[in-house]
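All remarks here apply to the structure that follows.
No value in this document is a laboratory result; all are computed from the given coordinates. Given the structure is predicted, the values throughout are model-derived calculations rather than measurements. Because the Cβ atoms are built from the backbone with ideal geometry, glycine has one as well, and the counts that use them run over all protein chains shown.
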Ligand SMILES: Cc1cc2nc3c(=O)[nH]c(=O)nc-3n(C[C@H](O)[C@H](O)[C@H](O)COP(=O)(O)O)c2cc1C
Ligand code: SF4
Ligand code: SF4
């Protein structure tokens, strides 16, 4: 049996979960194909997913993972799901599952979006794992959120997810309903759904450099998950296509403070959101596993 695991992980939490899932499948003696979208030269910054998708090998189960940005599954992941080849039940299995990571504020509608999009490609989504993880923007403010997560606490959930999927895929029959109805039902009263791409592009600050402080170490370029930062005359600069996802890696890793981004607005925003939900920034993990049945 073989599982294909596609994921996008600008800051590394989704990759941690993908690796845990992969380790768990190996315990069941499954073959694994890991397909990491992050930094993929075909996809970023040009947005061409075709070459990447051609690399998907024959599999018995497909897992797709990505971060939650503005209550939603990251648009790069959702766009990729929409372009997946139709499941034929031979090369591309009809069995699928999704995993997301979020920075405690909310796992939002990411899993249900993925389930709906997967269905349109002929796949049934049997499970959704939503993992409370370090909030990558909050790394850059004094108000850290979910520091150290995902950690060992998620191992039990991953084991449960994988043994459930192994059981479903190895069986002759399938659950009557996929997980979509459970996921969509959870969000009947979800407040108005914003367009994540519009919000991030219009409200998030643009990256700027203070070249007087820059030591030309190019760590920012290396850590940019979408190849938006490039090198010109030895210095980092932005590429003409705006593929920035506002992950704040460049800000976080720059050793000299040469990357400039104003974090005040974000910090006030998520302080307010956590308070509304009576959540502590470094409180216990609120990860969840939802199974079809
Ligand atoms: C632009 C942006 C928007 C985000 N929006 C949310 C959100 O709505 N809810 C939340 O809980 N976390 C939010 N996060 C935090 C990420 O979901 C979290 O850090 C995630 O684990 C990142 O995954 P990665 O490490 O694989 O990149 C956001 C992060 C960024 C950069
Ligand atoms: S990480 Fe900072 S110091 Fe290094 S190249 Fe980028 S901006 Fe310059
Ligand atoms: S430019 Fe900075 S914030 Fe934008 S995607 Fe690259 S590393 Fe992330």
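At a threshold of 8 angstrom on Cα-Cα distance, excluding pairs fewer than six apart, so keeping six or more, what relative contact order does segment 87-128 reach in percent?
Relative contact order, segment 87-128: 52 percent.
Which distance in nm do the two modelled labels at residue 264 and residue 46 give, with both placed 7 Å along the Cα-to-Cβ direction?
Here the answer is 4.1 nm between the modelled labels.
List the residues of segment 1-27 whose backbone N lies under 18 Å from a point placed 7 Å from the Cα of residue 57 along the Cα-to-Cβ direction.
Under 18 Å, as judged by backbone N against the label point of residue 57, lie 1-7, 19, 21-27 of segment 1-27.
For a quick check, take a GNM of the chain with Cα springs below 10 Å and name the residue from 257, 234, 103 with the largest mean-square fluctuation.
The residue with the greatest mean-square fluctuation here is 234.
Counting only helical runs of four or more DSSP H residues, what would the 222 nm mean residue ellipticity of the chain come to if each run contributes -39,500 (n - 2.57) and the total is spread over all its residues?
-9000 deg cm²/dmol
Quote the FRET efficiency, to the nearest 0.05, computed for residue 293 versus residue 256 with a Förster distance R0 of 45 Å and r equal to the Cβ-Cβ distance.
After rounding to 0.05, the efficiency reads 0.25.
For the chain, what proportion of DSSP beta bridges, expressed in % and rounded to the nearest 5, is antiparallel?
Taking every DSSP beta bridge within the chain, about 30 percent pair in antiparallel fashion.
Please find the FRET efficiency linking residue 23 to residue 211, where r is the Cβ-Cβ separation and R0 is fixed at 45 Å, and quote it to the nearest 0.05.
0.55
How many angstrom separate the Cα center of segment 1-64 from the Cα center of segment 87-162?
13
How high is the relative contact order of segment 196-276, given as a whole-number percent (alpha carbon pairs under 8 Å, six or more residues apart)?
34
Work out how much length residue 195 to residue 144 would gain on full extension: take 0.36 nm times their residue separation and subtract the Cα-Cα distance, in nm to one decimal.
So the extension gain works out to 15.8 nm.
With the contact rule set at Cα under 8 Å and sequence spacing of 6 or more, what percent relative contact order holds for segment 1-137?
The value is 24 percent.
Would you please put 12-18, 87-93 in order of how densely packed they are, using the mean number of other Cβ atoms within 10 angstrom per residue and starting with the highest?
In descending order of packing, they fall as 12-18, 87-93.
Rank the residues 279, 118, 73 as a footprinting-exposure proxy: fewest other Cβ atoms within 10 Å of their Cβ go first.
279, 118, 73
Calculate the length of the line joining the C-alpha centroid of segment 167-183 to that of segment 236-293, in whole Å.
Each part's Cα centre sits 34 Å from the other's.
Rank by packing, highest mean first: peptides 258-264, 28-34, with packing defined as the count of other Cβ atoms within 10 Å averaged across residues.
258-264, 28-34
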